[in-house]
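The values are calculated or read from the model by the stated rules, or taken from the named source; none is laboratory data. Because the structure is a prediction, the values reported are computed rather than measured. Because the Cβ atoms are built from the backbone with ideal geometry, glycine has one as well, and the counts that use them run over all protein chains shown. Side chains are part of the model used for accessible areas, which takes the heavy atoms of the whole protein and leaves out ligands, DNA and RNA. Shrake-Rupley method; radii C 1.70, N 1.55, O 1.52, S 1.80 Å.
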Amino acid sequence: MDLTINGVTHQLEIEPETPLLWALRDDLAMTGTKYGCGLAQCGACTVLVNGQAVRSCVTPVERVAGAAVTTIEAIEQDELGKRVVSAWVKHQVPQCGYCQSGQVMAAVSLLKQVPHPTDDDINAAMVNLCRCGTYNAIRAAIHDLASSSENGGT
């Protein structure tokens, strides 16, 4: 099966129902995408599929064949992704860091769809769990990005 991950096509001998998370971690050694719950509840495994946030722990590889998958390993190759990572650092979002790759991916997806999100937009999109409780810092970083000149803000 051919999978396009971070702009590179990989040919994998893999069962079609294998979760994308395991293809990334076990077959391609891309360990930035984390296993959290395995039930699509926590969001640690979030990647972008054609720009949309997707929980890779429950997404069969057959569903992403022919799609563009972006993982945390390549997010800074995207200008918005680079700005999100910078905002995360500026606002000191990561504590333990385990969930942050998924949080960054969800934030990039949100800001690509809604460049100037309201608190309601952020609440609807940023549903990944953070055991360290960095939600206020995440919200501040997203609002900072939304108001930046790169997003047409002040």
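Remark: pairs (first residue in region 139-154, more than 14 Å from residue 89 (Cα to Cα) and open to solvent by 30 Å² or more (accessible area, probe 1.4 Å); second residue modelled with pLDDT under 85 and not polar (S, T, N, Q); Cβ separation under 9 Å; 6+ apart in sequence or on different chains) = 147/153. How about region 100-130: which of its residues are open to solvent by 30 Å² or more (accessible area, probe 1.4 Å) and over 22 Å from residue 33 (Cβ atoms)? Correct list: 114, 115, 116, 118, 119, 120, 121, 123, 124.
The single condition among (1) under 18 Å from residue 10 (Cβ atoms); (2) crowded, with 17+ Cβ neighbours inside 10 Å that residue 66 does not satisfy is (2).
Within region 56-69, residues that are of a type in the set (Gly, Ala, Ser) reach partners that are in a helix (DSSP H, G or I) with beta carbons closer than 6 Å, at six or more positions or on different chains, in the pairs 56/20; 56/21.
This table checks each residue for (1) touching a His at 6+ places or on another chain (Cβ under 6 Å); (2) open to solvent by less than 10 Å² (accessible area, probe 1.4 Å); (3) at positive phi.
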{"position": "44", "(1), (2), (3)": "no, yes, no"}
{"position": "47", "(1), (2), (3)": "no, yes, no"}
{"position": "51", "(1), (2), (3)": "no, no, yes"}
{"position": "57", "(1), (2), (3)": "no, no, no"}
{"position": "71", "(1), (2), (3)": "no, yes, no"}
{"position": "81", "(1), (2), (3)": "no, yes, no"}
{"position": "86", "(1), (2), (3)": "no, no, no"}
{"position": "89", "(1), (2), (3)": "no, no, no"}
{"position": "92", "(1), (2), (3)": "no, no, yes"}
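The condition of being of a type in the set (Asp, Glu) and in contact with a Gly (Cβ under 9 Å, 6 or more places away or on another chain) holds for only one of 79, 73, that being 73. Comparison of 97, 133 shows that the only residue that is farther than 11 Å from residue 43 by Cβ, modelled with pLDDT under 95, open to solvent by 10 Å² or more (accessible area, probe 1.4 Å) and not β-branched (Val, Ile, Thr) is 97. Checking each residue in region 21-42 for being aliphatic (A, V, I, L, M), crowded, with 22+ Cβ neighbours inside 10 Å and closer than 21 Å to residue 76 by Cα picks out 21, 24.
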